[in-house]
Amino acid sequence: MGRAFEFRKARKLKRWGNMAKTFTRLGKQIAIAVAEGGPDPENNSRLRAIIATCKHENMPKDNIERAIKNAAGKDKNSWKTMTYEGYGPHGIAIFVDTLTDNPTRTVADVRSIFNKFNGTLGTMGSLAYLFDHFSLFTFKEKEGMDMDEMILELIDYGVSDEFDEEENEDTGEKTITIYGDPKSFAQIQSYLEQNGYEIISADFTYVPNDLKDVTDEQRETIDKMVERLEEFDDVQNVYTNMK
């Protein structure tokens, strides 16, 4: 499970910030899900998955319902998902996932940080070869479950045979994270739901396939750049290939 360890480290780069900002970002994700599949969670698998994440992040029920209602009354083209990519300090590749209602503003914000740290913002898709794109699902472990059997059943959906296991130190509750083909998001979610697994969160992620060594001083600079990018409300996640 060597690569699962890298998955775990990559996920830790996704700093969600304070609670208010977390709720704002989740609200935007709800808006996209409603625009794509409607406001009824029963008929919208993506919305169901985001609601599960909202609950895991302790987002109040009223906030969730309000976000869905507001999204249902808005123009479906209000929000756009945009990914910006380029090189930061010391040749580190950086992916910036955003959700925005104003791409002109967002790209200006992102470019300003790249410039401040002497980085270079590239064209969309120029660094895609350095990262693998996955859908990921985190769910509670069930007694007697067989991971080998599960992976075998999900192999047609591009699910990796490497997975991530974590245990809550306070409750002892164990969770498992699996990684699959982004195009199979709905099928993987359906499998988990139909087999009685409690989904804690579901999302998409980029995992670097070519990690680059850095010194402690270089790491500090790159971390500062990532933190500055994540201060923008439009930024959802930031990924790097820093080892």
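Brief remarks follow.
- Using equal-weight Cα scatterers in the Debye expression, the normalised intensity of region 130-207 in log10 at q = 0.16 Å⁻¹ is -0.55.
- Relative contact order [Cα under 8 Å, 6+ residues apart], region 42-164, whole percent: 18 percent
- Neighbour-count order for Leu211, Leu229, Leu192, fewest beta carbons within 10 angstrom listed first: Leu211, Leu192, Leu229
- Partner aspartates and glutamates whose Cα lies under 14 Å from the Cα of Lys80, excluding those fewer than 8 positions away in the same chain, are identified as Glu36, Asp97, Asp101, Asp233, Asp234.
- Each Cα pair under 8 Å and six or more residues apart adds its separation to the average, and for the chain the resulting relative contact order is 26 percent.
- Inter-part distance, region 186-231 to region 63-138, computed on C-alpha centroids, equals 14 Å.
- When the listed pairs Lys142/Lys243; Lys69/Lys140; Lys28/Lys61; Lys61/Lys243 are checked against a 27 Å cut-off, the alpha-carbon distance exceeds it for Lys142/Lys243; Lys69/Lys140; Lys61/Lys243.
- Exposure proxy ranking for Met59, Met82, Met147, based on other Cβ atoms within 10 angstrom of each Cβ and starting from the fewest, stands as Met147, Met82, Met59.
- Fraction in percent of alpha-carbon pairs per bin - 5 Å, the chain: 1, 6, 13, 17, 18, 17, 14, 9, 4, 1, 0
- Potential lengthening between Glu193 and Arg66 on full extension [0.36 nm per residue; Cα-Cα distance subtracted]: 43.2 nm
- Annotation: amide H of Met242 within the under-5 Å range of Lys212, sequence separation 5 or more or interchain, hydrogens built in the peptide plane.
- Top of Arg46, Arg25, Arg105 by mean-square fluctuation, Gaussian network on the chain, Cα under 10 Å: Arg105
- Each label point was placed 7 Å from the Cα along the Cα-to-Cβ direction; for Glu153 and Ser126 their separation is 4.5 nm.
Taken together, the values in this text are just the output of simple stated rules run on the coordinates, not laboratory data. As the structure is a computational prediction, the values presented were derived from the model and not from experiment. Cβ: placed from backbone, ideal geometry, glycine included. Neighbour counts: every protein chain shown.
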